[in-house]
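Notes follow the structure.
The values are calculated or read from the model by the stated rules, or taken from the named source; none is laboratory data. Note that the structure is predicted; figures quoted are calculated from it, not measured. Glycine gets a Cβ as well: all are built from the backbone with ideal geometry, and neighbour counts include every protein chain shown. Surface areas here come from the heavy atoms of the whole protein model, side chains and all, with no ligands, DNA or RNA. Shrake-Rupley method; radii C 1.70, N 1.55, O 1.52, S 1.80 Å.
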Amino acid sequence: QVQLVESGGGLVQPGGSLRLSCSASGSISSIDVIDVMGWYRQGPGKQRELVAVVGSGGSTNYADSGKGRFTISRDNAKTTVDLQMNSLKPEDAGVYYCYAHARLRLFGARDYWGQGTQVTVSS
């Protein structure tokens, strides 16, 4: 089984910064390629939504809300993905989930999710 472990959430004042990190561990040998890694957010009473993702080749996709403020980066060798969040706003708050879409060595592909890390933006 592959696990995604997040870290870096917490409480920050509006305008502040946080860096989220996620690392894949466990049965990594079962994976051929992690095509996509990224972050989703679920705010109170809201559906889970895309924040940012990065492909194995480095291509990125950001939600409009985070463009210019968030930067996603990935280390393929270490199977980690980070999200640097600057100029945080109260509406950025929520539970942030690490995500990975991987092709398996034996057959098929699979999506993985972390347990989530809370981000609170408040004065």
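With an 8 Å Cα cut-off and a minimum separation of 6 or more residues, compute the relative contact order for the chain in percent.
Details: 304 pairs, mean separation 44.8, N = 123.
With pairs under 8 Å counted, the relative contact order is 36 percent.
To the nearest 0.05, how large is the calculated FRET efficiency for residue 76 and residue 42 if R₀ is 25 Å and r is the Cβ-Cβ distance?
Values: r = 27 Å, r/R0 = 1.07.
Result of the calculation: an efficiency of 0.40.
For the stretch 46-108, what D do you get in µm² per second when you plug the Kirkwood radius from alpha-carbon pairs into Stokes-Einstein at 37 °C and 0.692 mPa s?
On the way: Rh = 13.2 Å.
Calculated translational D: 248 µm²/s.
Please give the per residue accessible area of the stretch 1-113, computed with a probe of 1.4 Å over protein heavy atoms only, in Å². It would help to have the intermediate numbers written out before the result.
Values: 5900 Å² over 113 residues.
About 52 Å² of surface per residue is accessible.
Of the beta bridges DSSP finds with both residues in the chain, what % are antiparallel, to the nearest 5?
Values: 45 of 48 bridges.
Of those bridges, close to 95 percent are antiparallel.
Expected output is a single nm value to one decimal: the length gained when fully extending between residue 1 and residue 50, i.e. 0.36 nm times separation in residues minus the C-alpha distance. What is it? The partial results should precede the final answer.
Values: separation 49, 0.36 × 49 = 17.64 nm, distance 2.41 nm.
Using 0.36 nm per residue and subtracting the Cα-Cα distance, I get 15.2 nm.
Students sometimes get this wrong: rank 113, 39 by accessible area, probe 1.4 Å, all chains present, largest first.
Working: 113 105, 39 0 Å².
Final ranking, largest accessible area leading: 113, 39.
Based solely on C-alpha atoms, express the radius of gyration and the Dmax of the stretch 1-60 in angstrom.
Rg and Dmax of the stretch 1-60, Cα atoms, are 14.1, 41 Å.
Between residue 115 and residue 87, with labels modelled 7 Å along Cα→Cβ, what's the label distance in nm to one decimal, could you check?
Computed distance between label sites residue 115 and residue 87 equals 3.4 nm.
Can you give me the C-alpha center-to-center distance between the stretch 1-53 and the stretch 71-123, rounded to a whole angstrom?
For the stretch 1-53 versus the stretch 71-123, the Cα centre distance is 2 Å.
Heavy atoms only, 1.4 Å probe, whole protein assembly: order 106, 83, 11 by accessible area, highest first.
On the way: 106 170, 83 0, 11 130 Å².
Descending order: 106, 11, 83.
Where Rh is the Kirkwood radius over the Cα pairs of the chain, the temperature 25 °C and the viscosity 0.890 mPa s, what D in µm²/s does Stokes-Einstein return? List each step's numbers first, then the result.
Details: Rh = 14.5 Å.
This corresponds to a translational diffusion coefficient of 169 µm²/s.
Residue by residue through the stretch 33-45, what is 3J(HN,Hα) from phi via Karplus (6.51 cos²θ - 1.76 cosθ + 1.60, θ = phi - 60°)? Round to whole Hz and write x for glycine and proline.
Per residue, the Karplus-derived 3J(HN,Hα) values read 9, 8, 5, 9, 10, x, 9, 10, 10, 10, x, x, x Hz.
Which sequence of 104, 4 reflects their accessible areas, 1.4 Å probe, from the largest down?
104, 4
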